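First up is the structure itself, then whatever we jot down about it.
The values are calculated or read from the model by the stated rules, or taken from the named source; none is laboratory data. Because the structure is predicted, anything quoted here is derived from the model rather than measured. Reconstructed Cβ throughout: ideal geometry from the backbone, glycine too, with neighbour counts over all protein chains shown. Accessible surface areas use protein heavy atoms only, side chains included; no ligands, DNA or RNA. Shrake-Rupley method; radii C 1.70, N 1.55, O 1.52, S 1.80 Å.
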Amino acid sequence: SLYRMVQTTTGNLYGACSNVHDLYQSTRLADVNLDASDANGKIVFSTDKGANWTTLHQFGHPVFWLALDPKREQTCYASVVHYGGGNGQGGLWVTNDLDKGPSSTWTKLPNAPRTEGHPASIVVLKDGKVLCTFSARRNNSGAFTKSSGVFVYDPASKTWTDLSDSGMQYWTKDIVLDPN
């Protein structure tokens, strides 16, 4: 599945991919469904309007969302899904050298509080802060954990702030900003 695609001003396309279909549907929220290796958990890119695609970065776990920084186009954020008992690779990843293609360097950001490796939508705000939703997770007994919500990351201080209403702590997925 190709979950999200973004385009740079140069015309390059970037896509978030996974072998896991229907990611973040109720039947997919347990670790058994998301913590397995995912050979197509990667970012792909195209320099010819989508006629051909090349692997940019292989994460080995589902990649759900991509967001470009509107002020620094070589900065791209990716949401990678993997709980791994709290030690997984899930969370937000960033590169500041997207123009290097497969040689770009990706770094995992610190985990947002309460979250358990299920990042979803990402929006880079005008001030450079990063707004991100974290989706639901079900533990081994099938119960929803209190790990979901809306969070903002400040790249300057490298800290997260939890903006979630208590009603969002069990299952949040998307966020849409008022364009005004």
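Name the residue that is most open to solvent (accessible area, probe 1.4 Å), counting only residues in the stretch 165-180 that are under 19 Å from residue 77 (Cβ atoms) and in contact (Cβ under 8 Å) with a residue 24 or more places away in the chain.
174
Could you grab the pairs with beta carbons closer than 9 Å, sequence gap of 6+ or different chains, first residue in the stretch 111-122 and on the phi > 0 side of the Ramachandran plot, second one outside any strand (DSSP E or B) and among the β-branched types (Val, Ile, Thr)?
As it stands, the answer is 114/145; 117/81, since those pairs meet every condition given.
What about residue 90, is it at pLDDT below 95 and open to solvent by less than 20 Å² (accessible area, probe 1.4 Å)?
Answer is yes for this residue.
In the stretch 28-81, what residues are on the phi > 0 side of the Ramachandran plot and of a type outside the set (Gly, Ala, Ser)?
49
Within the stretch 126-158, restricting attention to residues that are over 30 Å from residue 27 (Cα atoms) and in contact (Cβ under 8 Å) with a residue 12 or more places away in the chain, which residue is surrounded by the most Cβ atoms within 10 Å (Cβ to Cβ)?
Here the answer is 155.
Every residue in the stretch 46-60 that is surrounded by fewer than 21 Cβ atoms within 10 Å (Cβ to Cβ) and either of a type in the set (A, V, I, L, M, F, W, C) or not in a loop (DSSP other than H, G, I, E, B) (or both), please.
The answer is 46, 51, 53, 54, 55, 58.
Taking the stretch 64-87, which residues are out of contact with any Ser or Thr (no Cβ under 6 Å at 6 or more places or on another chain) and open to solvent by 20 Å² or more (accessible area, probe 1.4 Å)?
Once the filter is applied, which keeps residues that are out of contact with any Ser or Thr (no Cβ under 6 Å at 6 or more places or on another chain) and open to solvent by 20 Å² or more (accessible area, probe 1.4 Å), the stretch 64-87 yields 68, 70, 71, 72, 74, 82, 83, 84, 85, 86, 87.
Inside the stretch 142-175, can you point out the residues that are part of a strand (DSSP E or B) and aliphatic (A, V, I, L, M)?
The answer is 150, 152.
Report whether or not residue 40 is surrounded by 14 or more Cβ atoms within 10 Å (Cβ to Cβ) and either in contact (Cβ under 8 Å) with a residue 24 or more places away in the chain or more than 27 Å from residue 143 (Cα to Cα) (or both).
Answer is yes for this residue.
Quick one: in the stretch 1-31, which of the residues that are among the hydrophobic types (A, V, I, L, M, F, W, C), without any contact (Cβ under 8 Å) to a residue 60 or more places away in the chain and not in a loop (DSSP other than H, G, I, E, B) is farthest from residue 116 (Cα to Cα)?
Applying the filter and picking the extreme gives 13.
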